[in-house]
Each structure stands twice: as C-alpha cells, then as structure tokens.
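The values are calculated or read from the model by the stated rules, or taken from the named source; none is laboratory data. Small disclaimer: the values here were computed from a predicted structure and weren't measured. Positions of Cβ are backbone-derived with ideal geometry, glycine not excepted, and every protein chain shown enters the neighbour counts. Quick note on the areas: whole protein, heavy atoms, side chains included, nothing else; ligands and nucleic acids left out. Shrake-Rupley method; radii C 1.70, N 1.55, O 1.52, S 1.80 Å.
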Amino acid sequence: MQKIVFFLILTGATCFPAVAWSQSAPDQDDVGMSVEEFEKTVMSLPLFSEIIENWENKATPGNIAKTYKPITTIETFPPGEQIIFPKKDDLIVYQLTGLSYDNHFQRPAAERVTSKSVRITAIDAKTREVLAWNELPVRLKGNPHTSPVTPDGRYIYAAGPPLTNYEDVEVDEKLAGNEGCTSPVCMLVPQTLVKIDTLTLQPVKVILAPGRLHHGHVFRDRYMLFDSFSKDPDGVDTYLFDPETDQVVSGVRNEELGGSTYTAWTDHQNEYIYQLMEPSGYTAKPTTDGYISAHWLRQQGFTATRPYWVAQIRVSDDLQTWEVVREYPYFGNRGNWVEVSPDQKHFYVNSGGMNISQKIDMESGQAVWSTPVGDGPYGNELTADLKELWVLNKGETTGMWGHDMHIIDTQSGDRIGLINTGFTSDHVILSPNGKEMWVSSNGAGKLFVYDVKSREEIAQIHLPGYGDAHGMPFVHYYEDGKGRLVVDQNGFHGGVDAQMGKPLNYESAPPPSFVEKMVSSVRGEEKREPIRAKPLAVDNTPKVKRTRKIDGDPEHGKELFLSPTGCHTCHGQDAAGAVGPDIRQATLPMVVNAMQSFNDMIAWRGVYPELFDEKSLKDIVAYLHTLEK
C-alpha cells in the first residue's frame with residue numbers, strides 16, 4: 001500500500017506583527033530517533049484518506065452546551081448626536097478598524113496609520129464613498145478583527161480594552177506573557193466589548209465579555225455568533241449572544257470539543273455551526289498553540305503534526321443544546337475560513353499553513369480537490385453562480401506579507417485567475433447583489449472592490465486613519481432609518497441570498513472613466529469630505545492607572561536603539577514603526593518573543609549579538625517605555 005507523509009501545523013490565533021506572540025520552540029521532547037528510524041516511521045504513515053475513514057470524534061458525546069455568568073455593564077455613555085440619516089433603499093457598510101497591523105513597508109507616506117484608537121466608518125455601498133467616521137476614546141482601544149452588526153443594523157460590537165483598564169485585576173504574568181497584560185493587545189485576561197450606535201457612531205456601553213472577541217456575525221437573524229481568541233477562565237470559547245439583552249445565551253468550550261477552537265461559521269440555513277478545530281498541547285498556551293506550530297513547521301522545527309478538523313455542531317431551536325454530529329479532518333493545517341455550499345453538500349476550507357484550498361464532500365468527508373494557492377490563504381468566497389471560489393492569500397503564518405487572490409473553478413479545482421490586491425488582505429465578501437467582491441486589506445488600510453464578471457478593480461476605499469479593517473457588513477434600509485443586515489463575513493441574512501437566487505436588486509455607481517477623472521481634476525472639483533463625529537466629552541484615561549517597574553537603564557537603551565546598527569533602522573527614529581512595527585511601550589517578553597520568532601529578528605541577532613544580551617534588552621525596553629504611544 002502506498003504511504004505518504006502528512007505534515008503537522010499548529011494554529012491558535014492570528015499573529016500580530018505589532019505585538020508578537022510567543023513563537024519560541026513548542027514543548028516537544030527529543031524522542032531520540034535515528035534518521036533510519038525516522039525514515040521507517042515516515043514510510044509507515046497512512047494516506048490521509050485512511051485517517052478520514054478511521055477518524056473517531058474527539059468531542060464529548062451528547063449536549064456540550066455551557067452557560068456563562070450574567071454579563072455586567074462596566075460603563076455607559078450619554079446618547080451621541082446622530083450623523084447618519086439613512087433613506088429608503090440606502091445600503092451602508094459599517095467598518096471597524098483597529099491597530100493590530102502597523103505601517104507596511106510599501107505604504108506611501110500619505111497612507112500611514114494615523115489612528116490612535118478603534119475607528120468606525122460608514123460607507124455608501126453603492127457609490128463607495130465614505131460618509132462619516134469616528135474614533136473611540138483611546139482608553140476604549142481594543143483590537144477588532146471583525147465588524148459584527150446586529151440583525152436590525154442598529155449596533156456594532158468592537159473588541160474592547162482589557163478589564164485591567166477598569167479594575168485592578170490580579171493577572172498571572174506567566175499566563176499573560178506580557179507583564180500583566182498592560183500592552184494594547186491583552187490575550188489572557190478578562191476582556192470587554194464596546195457596543196456602538198451605527199447612526200451616531202458613538203459608544204453606547206462597555207460590557208464584560210467571556211473572552212477576547214475574534215470573529216462575529218449574525219445567527220438565525222436574531223442572535224450573534226461570536227468566537228474568541230481566548231476565553232475568560234470561566235468563559236466560553238464560541239457562543240451565541242443576544243444583542244437585545246447583551247447576554248450570552250449559550251456556548252461551548254475547548255475542553256468538550258477535544259481541541260483548540262479557532263473561527264466558527266454557519267451554513268446558509270443556519271442549521272449548523274462549523275467550528276474550525278486545532279490539535280492542542282504543543283505549548284502552555286492553547287490560545288496560540290496552532291499558530292506557533294504552523295510557524296515552526298515552516299521554520300523546519302517540526303516534521304509532522306496531528307490533524308486539524310472541522311466540527312459540525314447542531315444547535316437546537318431553543319439554543320440550549322449543542323451537539324457535535326460529525327467531525328471532518330482535513331489535510332494540512334491552520335484552516336481559517338469555512339464556506340458551506342447552499343445545498344450543504346460541500347464546504348471549502350483553506351490551509352493557511354500549507355498554502356492550499358480544498359473542497360470537501362460532506363457525505364464521504366473526502367476532498368474533492370486540493371489546489372495550491374498563494375501565501376498563507378485566509379478568507380474565501382463563492383460567486384453568485386457558485387462556479388468560482390475567490391481565495392485571499394493573506395500570508396497567515398508567514399509574516400502577513402500576502403497580497404493577492406486566486407480564483408478557482410469549483411468543479412475542477414483549477415486555478416483560473418489571479419488578482420493582485422492590498423497587503424495582508426484577509427476577508428472577502430460577496431456584495432448583496434452578487435456582482436462585486438469586497439476585500440479588506442489590513443496592510444493598506446483600505447477596502448478593495450472588484451467586479452465579479454470582469455475581475456477588474458473598480459474601487460479603492462481609503463479608510464480614515466488607515467487602520468486594519470475586517471468584516472464589511474452591509475445594512476440595507478427598507479424604510480427611512482430602519483434597516484436589516486443583509487451580508488456579513490459569514491454570508492447572507494435578512495431574506496437576501498445572492499448565492500441562492502435571492503439577490504438584493506440594486507445597481508452600484510460605475511467607476512469614473514479616465515476622461516471623467518481628468519475633467520474633474522481640471523475643474524478642480526473636490527470630493528465631499530466625510531463627516532467626523534464630535535469627540536465625546538469623557539475622561540480619556542483608564543479608570544485604573546496600572547504602573548510597571550521597568551528594570552533597565554533608559555539612557556543606555558536610547559544609545560543602543562539609535563546606534564548605527566540599532567533598532568531604529570527598522571522601527572523608525574521614534575520607534576513608531578517603519579519597515580518594522582510600532583514598538584513603543586513594548587514589554588520585555590514581547591521583545592524576546594519577537595527575536596525568537598521572526599526571520600529578520602533572528603538574522604539581526606546573529607549579526608549584532610551585543611544588542612540582544614539580557615542587560616541590553618532590558619535597557620532598550622526601559623527606553624521604549626519613555627516614549628508616548
């Protein structure tokens with residue numbers, strides 16, 4: 001019988017260039033195997049089709065639903081001034097932007113990140129013009145990786161700041177990995193959600209969350225389905241949330257699912273939840289298990305890893321029963337996105353760690369095809385006629401340098417198109433009329449819009465502040481001021497479904513021709529400036545001032561930082577980011593993690609070891625903490 005090698009990749013959560021997670025070598029003992037023994041072991045590995053045939057579910061049988069304690073409101077805000085006045089048949093995209101990805105090395109000076117906090121932007125989806133925007137107070141800054149709008153289009157939830165901004169929470173620094181989670185991105189301490197009004201673009205309240213929000217979208221036109229990077233010790237990893245009460249209805253945990261959760265998706269009927277699962281146990285942090293392992297497989301640290309899988313979960317009508325009815329192991333690792341066909345006969349999943357996209361037969365569990373794509377694929381989307389799958393190559397597990405999109409024939413699996421797009425593009429969404437693909441580029445701070453038929457770029461939407469964007473939810477207003485969500489990153493809602501022959505009928509404005517652009521330029525016509533919401537008259541400092549003792553000499557650190565071979569060569573004279581990310585206020589564990597993780601840092605350490613001894617690093621970190629962020 002023919003044997004093949006299947007490689008292991010571990011995933012966990014998205015890596016931020018701005019805040020490096022620990023990617024040091026995973027916990028795996030030296031097994032003392034000779035090369036000859038290894039070769040024999042490799043030849044004895046089964047075909048992946050055999051793994052599928054012999055798979056036994058890892059989830060606990062039966063109902064695995066969990067509840068969560070009542071969510072408390074931490075802070076409320078006075079009503080904001082309305083600045084969005086939707087009319088009947090308006091179509092608006094509400095886009096959150098964060099600060100997870102710093103200035104990309106190819107960004108023009110005029111398009112560098114200027115945001116200081118989370119921003120929300122309202123965009124006319126038909127004209128593709130920015131209508132209005134707002135920046136939240138700095139102390140509400142989180143790092144949103146999604147833009148979840150409620151079914152009625154009235155509110156949007158942003159991943160909020162850590163609870164340490166409000167309470168003097170005791171944090172286990174060994175678990176947190178960043179000195180009590182005082183960094184802008186806190187992974188393993190209690191987290192919050194900021195609820196924002198879509199007509200005022202102002203915050204309404206801050207509430208406690210079961211974990212740090214990753215992706216979110218509408219479920220059954222009534223609830224929100226949220227998944228988490230990491231959960232509170234007594235929280236749930238993936239859960240259903242009631243936006244009318246701001247309470248968790250029910251959810252599931254890693255423990256009962258038999259691995260580490262990543263992102264969660266649904267089918268067109270919202271009958272099942274499809275949970276991407278990863279093998280755990282490679283590190284002390286399940287949150288980052290998968291991503292770290294994928295990194296080390298690419299860095300030749302691993303030769304193989306255990307399989308990844310998709311858990312199909314049936315949720316009862318009353319939402320109180322969650323039962324895993326089937327698990328689908330898939331070849332490769334670091335799956336990021338699941339796209340289920342309308343007839344529930346197939347789903348598509350990308351392997352971010354092996355640069356492949358796959359079509360899975362849901363009856364047999366076997367791959368119909370497996371096609372090589374670009375660097376670190378992330379999002380995927382079917383066209384309205386279901387004949388093409390558009391796959392975004394983000395650069396997941398490779399440093400987030402991806403900047404193109406493959407188009408695949410869904411029947412044959414052949415690659416039939418390639419489109420260059422913005423750096424670090426991750427989410428791709430089919431418009432409500434089924435005629436456009438919208439792409440969010442984290443590295444460019446823009447949205448790109450493509451015509452499905454011609455595959456031509458028809459618009460670049462520059463987001464105010466150029467923060468990283470994820471999500472792109474479309475709200476259709478069926479009456480003046482009354483809306484319904486019709487598309488988000490998980491697909492169609494509100495009775496609209498372009499992939500099932502029920503598009504929202506409208507025509508977008510055609511892109512201006514070259515002649516029109518020239519005439520406008522000659523006439524000196526200026527584009528209408530978007531409205532900016534008035535800043536809230538609120539205290540912009542954390543409720544609790546947390547102090548850190550920085551053990552180091554900042555003056556010596558400054559000398560090292562600004563030396564001819566110092567950190568400024570990549571991170572800029574002010575450490576605010578250039579080729580490398582913004583590292584102001586970086587903690588010592590963050591710096592150590594980065595030097596163990598990224599090829600450029602590893603190479604730099606080898607050439608200039610005097611910058612990387614323990615005392616030098618402490619001194620540099622002490623200097624970084626003298627710089628305002």
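I'd like the residue in segment 334-384 that is among the acidic types (Asp, Glu) and more than 18 Å from Met405 (Cβ to Cβ) and, out of all such residues, is least open to solvent (accessible area, probe 1.4 Å).
Only one residue tops the list, namely Asp361.
Look at Val218 and say whether it is at pLDDT below 75 and either open to solvent by less than 10 Å² (accessible area, probe 1.4 Å) or assigned to a loop (DSSP other than H, G, I, E, B) (or both).
In short, no.
Table: residues versus (1) buried (at least 23 other Cβ atoms within 10 Å of the Cβ); (2) modelled with pLDDT of 95 or more.
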position: Tyr239; (1), (2): yes, yes
position: Asp246; (1), (2): no, yes
position: Gly251; (1), (2): yes, yes
position: Trp265; (1), (2): yes, yes
position: Ser293; (1), (2): yes, no
position: Arg306; (1), (2): no, no
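What's the total number of residues in segment 105-126 that are open to solvent by 60 Å² or more (accessible area, probe 1.4 Å) and in a loop (DSSP other than H, G, I, E, B)?
6
Testing Asp172 on (1) open to solvent by 10 Å² or more (accessible area, probe 1.4 Å); (2) at pLDDT 95 or above; (3) not small (Gly, Ala, Ser), one condition comes back false. Which one is that?
Among (1) open to solvent by 10 Å² or more (accessible area, probe 1.4 Å); (2) at pLDDT 95 or above; (3) not small (Gly, Ala, Ser), the lone unmet condition for Asp172 is (2).
Which members of segment 127-153 meet the condition of being over 18 Å from Phe492 (Cα atoms), of a type outside the set (A, V, I, L, M) and in a loop (DSSP other than H, G, I, E, B)?
Within segment 127-153, Thr127, Arg128, Pro137, Lys141, Gly142, Asn143, Pro144, His145 qualify.
Which members of segment 327-354 meet the condition of being in contact (Cβ under 8 Å) with a residue 24 or more places away in the chain and assigned to a loop (DSSP other than H, G, I, E, B)?
Those that are in contact (Cβ under 8 Å) with a residue 24 or more places away in the chain and assigned to a loop (DSSP other than H, G, I, E, B): Phe331, Gly332, Asn333, Arg334, Ser341, Pro342, Gln344, Gly352, Gly353, Met354.
Within segment 468-484, can you find the residues that are open to solvent by less than 10 Å² (accessible area, probe 1.4 Å), outside any loop (DSSP other than H, G, I, E, B) and closer than 24 Å to Lys446 by Cα?
Asp468, Ala469, Phe474, Val475
I'd like to verify a number: residues in segment 485-540 that are at pLDDT below 70 and open to solvent by 80 Å² or more (accessible area, probe 1.4 Å), how many?
Matching residues across segment 485-540 total 12.
Within the bounds of segment 188-200, is there any residue that is of a type in the set (D, E, K, R), in a strand (DSSP E or B) and either surrounded by 24 or more Cβ atoms within 10 Å (Cβ to Cβ) or touching a helix residue (DSSP H, G or I) at 6+ places or on another chain (Cβ under 9 Å) (or both)?
no
Output the residue which, of all residues in segment 412-450 that are out of contact with any Phe, Trp or Tyr (no Cβ under 9 Å at 6 or more places or on another chain) and within 17 Å of Ile356 (Cα to Cα), is least open to solvent (accessible area, probe 1.4 Å).
Here the residue is Ile416.
Can you name the condition, by its number, that Thr60 falls short on among (1) open to solvent by 90 Å² or more (accessible area, probe 1.4 Å); (2) modelled with pLDDT of 95 or more?
Unmet for Thr60, out of (1) open to solvent by 90 Å² or more (accessible area, probe 1.4 Å); (2) modelled with pLDDT of 95 or more: (1).
Tally time: how many residues in segment 154-166 are surrounded by 24 or more Cβ atoms within 10 Å (Cβ to Cβ) and outside any strand (DSSP E or B)?
1
From the set of residues in segment 267-282 that are farther than 25 Å from Asp375 by Cα and either open to solvent by less than 10 Å² (accessible area, probe 1.4 Å) or in a loop (DSSP other than H, G, I, E, B) (or both), which is modelled with the lowest pLDDT?
My answer is Gly281.
Return the total of residues in segment 31-47 being in contact (Cβ under 8 Å) with a residue 12 or more places away in the chain and not polar (S, T, N, Q).
Selection size over segment 31-47: 6.
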